[in-house]
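I have placed the structure first, in the form of structure tokens, so that the comments after it can refer back to it.
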Amino acid sequence: QVQLVESGGGLVQAGGALRLACTVSGSIFGVNVMGWYRQAPGKQRELVARISSGGSANYADAVKGRFTISRTNAKNTVYLQMNNLKPEDTAIYYCNRWPNTYVTWGQGTQVIVSS
């Protein structure tokens, strides 16, 4: 059974930075495209970044130039470096496979950006 464990969230002032990490177990991690998603209060979950098994990355327009996704296949871990954070980045952040997500999501990690 696949297990996704996110970490690294917290409270930060606008302009600050955080690095999120997600460790995946129970799956052949290295062959999958992995994504970071977020869900803000009252909004639908959205994809913010994804990375192929070979390291090619794509970003949502809202985070382009500020966020960097990376992965270490040997550690079954995907990262999200978030710089120049804005209050609108406040959300619970999740990782999952893309585009066909695993049925069970992790608990996510809360990011709160104060103005």
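Determine the per residue accessible area of the chain with all protein chains present and a 1.4 angstrom probe, expressed in square angstrom. Intermediate results must be reported in sequence, preceding the final value.
Details: 5950 Å² over 115 residues.
Accessible surface, normalised per residue, equals 52 Å².
Under 11 Å from a label point set 7 Å out along the Cα-to-Cβ vector of Leu11, the amide N atoms of region 88-115 belong to 112-114.
Comparing Thr104, Thr23, Thr90 in a Gaussian network model of the chain (Cα springs below 10 Å), the most mobile by mean-square fluctuation is Thr104. In terms of packing, defined here as the mean over residues of other Cβ atoms within 10 angstrom, the peptides 41-50, 73-82 line up highest first as 73-82, 41-50. Run down the lysines and flag those whose C-alpha is under 29 Å from the C-alpha of Lys75, throwing out any fewer than 8 positions away in its chain. Partners within reach: Lys64. With R₀ set to 25 Å, the beta-carbon distance separating Asn83 from Trp105 gives a calculated FRET efficiency near 0.50. Cα centroid separation, region 1-62 to region 94-113: 6 Å.
Could you work out what % of the accessible surface of the chain is carbon and sulfur, using a 1.4 angstrom probe and leaving DNA, RNA and ligands out of the count? Carbon with sulfur: 48 percent of the solvent-accessible area. Specify whether the C-alpha gyration tensor of the chain places it in the rounded, prolate or oblate class, a ≥ b ≥ c being the square roots of the eigenvalues: rounded for a/c under 1.5, otherwise prolate if a/b is larger than b/c and oblate if not. Taking the square roots of the gyration eigenvalues as a ≥ b ≥ c, the chain is prolate.
The values are calculated or read from the model by the stated rules, or taken from the named source; none is laboratory data. In this text, all values refer to a predicted model and were calculated from it rather than measured experimentally. Cβ atoms come from the backbone with ideal geometry, glycine included; neighbour counts cover every protein chain shown. Accessible surface areas use protein heavy atoms only, side chains included; no ligands, DNA or RNA. Shrake-Rupley method; radii C 1.70, N 1.55, O 1.52, S 1.80 Å.
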